[in-house]
Amino acid sequence: LPCPDGPEPSVSITEIRQYLRAQDIPFHDGYSCLHTPSLFTGDRGGQPLSANAPFTLFIDKTTGSFLCTATLAEGTWQDFQANVELRHRGVTPIPPASSEEMEEEMRQAREDARCIWERALPLWELLDEKETRETKALFGISMVTNATLKRFGVRYLRTARSLVFPWFSPQDATLKGLKLVRVEKKGGTITYVEETLPRFDSYRNLFGLPLIGRRDTELVLTGWELDALALHQAAGVASVALPRGASCLPPTLLPYLEQFKRITLWLGEDLRSWEAAKLFARKLSLKRCSLVRPGNLQPRPLEALNQGLNVTKILRSALLASHKSIVSFRQLREEVFGELVNKEQVSGVKWARFPELNKLLKGHRRGELTIFTGPTGSGKTTFISEYALDLCMQGVCTLWGSFEINNVRLAKIMLTQFAGRRLEDQLELYDEWADRFEELPLYFMTFHGQQNIKTVIDTMQHAVYMYDITHVVVDNLQFMMGHEHLSVDR
């Protein structure tokens with residue numbers, strides 16, 4: 001097995017198929033995964049896997065990682081091979097275990113979730129009708145019926161003034177976690193604040209999944225739980241919500257989406273959701289995906305329900321994700337119009353802390369390279385860590401490659417900037433700020449000093465697939481290139 005510190009060796013889909021054939025493991029090709037019978041169900045050590053057994057084990061075609069939906073065993077391609085070896089020796093394979101610390105954390109999160117769930121009430125059981133009406137109006141769900149709320153199991157936690165969305169296991173309908181959503185009003189703007197149990201990185205709920213039948217072949221994928229409710233109520237379609245909205249689609253969720261022949265992505269009403277939908281469609285396989293383009297007459301599903309728009313008609317007008325290699329202006333016409341209407345959004349995600357930078361760069365956009373230069377000690381790293389943090393706090397998934405200072409020092413700088421105070425003088429506040437910092441979609445590469453450029457690029461590609469990274473920071477270019485390359489074309 002690979003050394004835990006090094007990057008996991010990459011594996012190609014051809015190698016995976018060859019291995020399965022060589023080991024006599026029956027499989028069929030799915031959209032983003034290969035499906036095989038599970039190694040972990042029933043004690044059949046030494047026996048070949050039967051093609052009649054249910055195909056509940058899914059192998060990701062891009063990374064080789066696997067997930068068994070029957071037992072929730074998951075692991076890397078190397079773990080899969082190790083378990084196949086065990087079977088050949090007549091030993092019953094054991095699912096790769098996560099650390100005891102992780103297990104304990106998940107158990108605690110489930111227990112906390114259960115306590116909150118028991119204290120939360122269905123909305124229609126609040127004391128008086130006025131409170132119910134006001135609460136529904138606050139969340140913009142006055143049009144959502146009690147029957148819909150009941151079907152999806154949505155509750156309300158009075159003490160936290162939050163809606164509570166359950167995460168039920170698709171296997172046995174036990175409660176695995178919760179998402180709490182509350183409304184914050186700042187001036188005239190309304191923001192929704194979300195909290196999850198367990199923490200965001202291990203919260204893998206596809207909200208609404210247990211309500212979907214085995215025979216359903218069409219699905220609408222949304223970026224928000226309330227949108228899934230609106231879609232079901234307005235169009236009667238099977239719909240689920242992603243755990244982190246339009247910011248990422250964790251690959252571990254792909255097996256649960258394999259049964260659908262057609263997936264429509266309707267993630268939100270801004271250009272970021274549209275960009276995310278195009279990115280996710282690639283993961284899900286373009287040929288089965290359609291996208292709802294945001295526009296005035298095509299807002300997010302909840303808004304469409306509230307405005308009395310024809311949701312079914314909007315779904316029918318979704319565009320196929322797989323377009324041909326050559327297009328005419330006629331096919332681009334709508335997109336060009338969208339860019340003209342949303343010129344603010346087209347210019348990218350604005351920095352909240354650097355208004356002057358917005359004047360220069362307009363905002364952060366995908367596919368652009370920005371180089372900051374300056375002499376040693378002029379504050380490049382300090383500035384760029386705050387510049388990246390600003391975007392990260394707005395949900396831009398960020399990957400840091402710091403070849404100059406180590407990750408602990410970098411994280412210390414960023415945490416101080418995030419908290420806006422000297423934490424060394426107030427150590428009692430450390431845990432509170434660290435918990436909030438942990439929720440950010442921020443990842444660090446573990447390289448230091450000179451590196452082989454191919455290894456670094458491979459790591460970046462892996463991170464883009466796994467965590468939907470849209471912003472990569474390299475600090476700095478000289479370190480990454482090493483000094484022996486300076487004679488070649490820099």
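The values are calculated or read from the model by the stated rules, or taken from the named source; none is laboratory data. Every value quoted in this text rests on a predicted model; they were computed, and no experiment measured them. Note that each Cβ is placed from the backbone with ideal geometry, even for glycine, and that neighbours are counted across all protein chains shown. Keep in mind that these areas ignore ligands, DNA and RNA; they rest on the heavy atoms of the full protein, side chains included. Shrake-Rupley method; radii C 1.70, N 1.55, O 1.52, S 1.80 Å.
At a glance:
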quantity	calculated
The range 134-146, residues that are without any contact (Cβ under 8 Å) to a residue 12 or more places away in the chain and open to solvent by 70 Å² or more (accessible area, probe 1.4 Å)	Glu134
Which listed residue, of Phe372, Phe329, is exposed (fewer than 12 other Cβ atoms within 10 Å of the Cβ) and either modelled with pLDDT of 90 or more or among the aromatic types (Phe, Trp, Tyr) (or both)	Phe329
Test result for Leu163, outside the structural domain of Asp435 (by the TED database) and assigned to a strand (DSSP E or B)	yes
Members of the range 439-463 found to be in contact (Cβ under 8 Å) with a residue 60 or more places away in the chain, closer than 21 Å to Ser65 by Cβ and under 15 Å from the mean Cα position of the chain (by Cα), listed by number	Pro441, His462, Ala463
Matching helices (runs of 4 or more DSSP H) fully within the range 391-486 where at least 1 residues are closer than 17 Å to Ser247 by Cβ	430-438, 453-467
The one condition in (1) loosely packed, with under 13 Cβ neighbours inside 10 Å; (2) without any contact (Cβ under 8 Å) to a residue 12 or more places away in the chain that Glu131 fails to fulfil	(1)
Tally of residues being at pLDDT below 75 and of a type in the set (D, E, K, R) across the range 448-490	3
Residue check, Leu410 under 29 Å from Asn342 (Cβ atoms), in contact with a Ser or Thr (Cβ under 9 Å, 6 or more places away or on another chain) and either of a type in the set (Lys, Arg) or touching a residue at least 24 places away in the same chain (Cβ under 8 Å) (or both)	no
Residues satisfying the stated conditions in the range 298-318, i.e. assigned to a helix (DSSP H, G or I) and touching a residue at least 12 places away in the same chain (Cβ under 8 Å)	Pro301, Leu302, Glu303, Ala304, Leu305, Asn306, Val311, Thr312, Ile314, Leu315
Inter-residue pairs, beta-carbon under 9 Å, first assigned by the TED database to the domain that holds Glu225 and within 17 Å of Thr69 (Cβ to Cβ) and in the range 169-185, second in a strand (DSSP E or B) and at pLDDT 90 or above, 6+ apart	none
Single residue of Leu242, Leu229, Leu254 found to be among the aliphatic types (A, V, I, L, M), surrounded by 22 or more Cβ atoms within 10 Å (Cβ to Cβ), under 22 Å from Tyr156 (Cβ atoms) and not assigned by the TED database to the domain that holds Phe66	Leu229
Selection within the range 210-234 - under 14 Å from Leu315 (Cβ atoms) and out of contact with any helix residue (DSSP H, G or I) (no Cβ under 8 Å at 6 or more places or on another chain)	Glu218
Residue match in the range 345-354 (condition: over 23 Å from Gly395 (Cα atoms), open to solvent by 40 Å² or more (accessible area, probe 1.4 Å) and more than 25 Å from the chain's Cα centre (by Cα))	no
Flag for Arg272 being at pLDDT 90 or above, farther than 15 Å from Pro301 by Cα and open to solvent by 20 Å² or more (accessible area, probe 1.4 Å)	no
Hey, Glu118 open to solvent by 80 Å² or more (accessible area, probe 1.4 Å) and either under 30 Å from Ala147 (Cβ atoms) or part of a strand (DSSP E or B) (or both) or not	yes
Test: Glu111 is at pLDDT 90 or above, more than 20 Å from Tyr19 (Cβ to Cβ), part of a helix (DSSP H, G or I) and open to solvent by 40 Å² or more (accessible area, probe 1.4 Å)	yes
Residues satisfying the stated conditions in the range 174-198, i.e. outside any strand (DSSP E or B) and over 18 Å from Ala241 (Cβ atoms)	Thr174, Gly187, Gly188
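To keep it simple, each residue is scored yes or no on (1) at positive phi; (2) over 23 Å from the mean Cα position of the chain (by Cα); (3) among the hydrophobic types (A, V, I, L, M, F, W, C).
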site: Ile263; (1), (2), (3): no, no, yes
site: Leu271; (1), (2), (3): no, no, yes
site: Trp274; (1), (2), (3): no, no, yes
site: Leu279; (1), (2), (3): no, no, yes
site: Arg300; (1), (2), (3): no, no, no
site: Leu305; (1), (2), (3): no, yes, yes
site: Thr312; (1), (2), (3): no, yes, no
